[in-house]
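S.K.: I'd like to ask you about the structure that follows.
The values are calculated or read from the model by the stated rules, or taken from the named source; none is laboratory data. Small disclaimer: the values here were computed from a predicted structure and weren't measured. All Cβ positions, even for glycine, are placed from backbone atoms using ideal geometry, and neighbour counts span all protein chains on display.
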Amino acid sequence: MLKYKPATNFQLVFFVFLTGVFFLINPRVQAQFMGPEAYIDREGVWKSKFIAVCWEQKPDKYIDQRRFVREAVATYIGSEGGNSKYIFLETEEGVWPECNKDNHVPGIWIKIRDITPRSQVGRQYVRDAAGNKLKLKGEPQSLPTRMILNFEFEQTVSVKNLCFRSGLNLKECIEVVAVHEFLHALSFLHEQLRSDADPECKELWERKRDVIGYDPDFAETDYDPDSIMNYCGDIYKSPIQLSNTDKHMLIKIMEF
Ligand SMILES: [Zn+2]
């Protein structure tokens, strides 16, 4: 019968060393040790780089404004501008189509309304009252991530005033708001919600109802006053500016 020779101390030490090297070079293991460098909801991170986007209204109105949004998102968030690998799917005509209400494929569904723009944070799932994902045949059931964008700002003058005060015109205002909302849709939370945010800033926003996510995480990283997700900074910069941390996170988030 074949018998294995007992390992020497040297062989055991070498084996432990090799295992350590494997864990350090394996990107999946690295992802577990590497903290995100912004404030995100880990539960909402999209697992695929391809994300469908559609409009809830018919395509005959706001043609230019829809294009401003699509181009700004491609430039500042999508793979075109190089800040991430996310690809926001377009039709062959190079537009985002009208949403198919009968087919709730996971994606970002945009409604155009003259109210305060907003977006659900990250990918959405059917949940029970306690917030647990409900499963069907062992798989969590997806829902569209709903977003509202504003192309008029006639009823919501405050947003327009913030843009204008920072020197933005209406087109740039539509673009910067869209970039902010799309980062929410990719699971970014407001930076001022972090426990280590500037106390004065936190106090200012403490009583405002806000989404805190299902699994909010910023690990050991620092609060980022320059984030486009930080209401206490100037998010309405012209030209649009993602902070270095925002950009870093857009790449890192895909490893989660
Ligand atoms: Zn926001």
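S.K.: Report the residue count in region 100-114 for those that are in a loop (DSSP other than H, G, I, E, B) and at pLDDT 95 or above.
M.R.: 2
S.K.: In this structure, does residue 108 turn out to be within 28 Å of residue 251 (Cα to Cα), touching a Cys at 6+ places or on another chain (Cβ under 8 Å) and within 16 Å of the ligand (Cβ to nearest atom)?
M.R.: Spelling it out, residue 108 is indeed within 28 Å of residue 251 (Cα to Cα), touching a Cys at 6+ places or on another chain (Cβ under 8 Å) and within 16 Å of the ligand (Cβ to nearest atom).
S.K.: Separate question: Check residue 203 against each of (1) part of a helix (DSSP H, G or I); (2) in contact (Cβ under 8 Å) with a residue 40 or more places away in the chain; (3) over 15 Å from the mean Cα position of the chain (by Cα) and name the one condition it does not meet.
M.R.: (2)
Residue-wise test of (1) within 12 Å of the ligand (Cβ to nearest atom); (2) small (Gly, Ala, Ser); (3) over 26 Å from residue 82 (Cβ atoms).
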{"site": "166", "(1), (2), (3)": "no, yes, no"}
{"site": "170", "(1), (2), (3)": "no, no, yes"}
{"site": "188", "(1), (2), (3)": "yes, no, no"}
{"site": "231", "(1), (2), (3)": "yes, no, yes"}
{"site": "239", "(1), (2), (3)": "no, no, no"}
{"site": "248", "(1), (2), (3)": "no, no, no"}
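S.K.: Also: Among the residues of region 130-141, are any surrounded by 13 or more Cβ atoms within 10 Å (Cβ to Cβ), over 17 Å from residue 187 (Cα atoms) and in contact with a Pro (Cβ under 7 Å, 6 or more places away or on another chain)? Can you show your working first?
M.R.: Within region 130-141, the subset surrounded by 13 or more Cβ atoms within 10 Å (Cβ to Cβ) is 133, 140-141.
Subset that is over 17 Å from residue 187 (Cα atoms): 140-141.
After this cut, where a residue has to be in contact with a Pro (Cβ under 7 Å, 6 or more places away or on another chain) as well, the list is none.
The answer is no; no qualifying residue exists.
S.K.: Looking at region 134-146, can you tell me whether even one residue there is in contact (Cβ under 8 Å) with a residue 12 or more places away in the chain and within 16 Å of the ligand (Cβ to nearest atom)? I'd like the intermediate steps shown before the answer.
M.R.: Residues of region 134-146 that are in contact (Cβ under 8 Å) with a residue 12 or more places away in the chain, as a first pass: 140-146.
The next check asks that each one be within 16 Å of the ligand (Cβ to nearest atom); those that pass are 145-146.
Yes, because at least one residue in region 134-146 is in contact (Cβ under 8 Å) with a residue 12 or more places away in the chain and within 16 Å of the ligand (Cβ to nearest atom).
S.K.: Taking region 199-224 only, how many residues are closer than 22 Å to residue 162 by Cβ and either within 12 Å of the ligand (Cβ to nearest atom) or touching a Phe, Trp or Tyr at 6+ places or on another chain (Cβ under 7 Å) (or both)?
M.R.: Total satisfying the criteria: 4.
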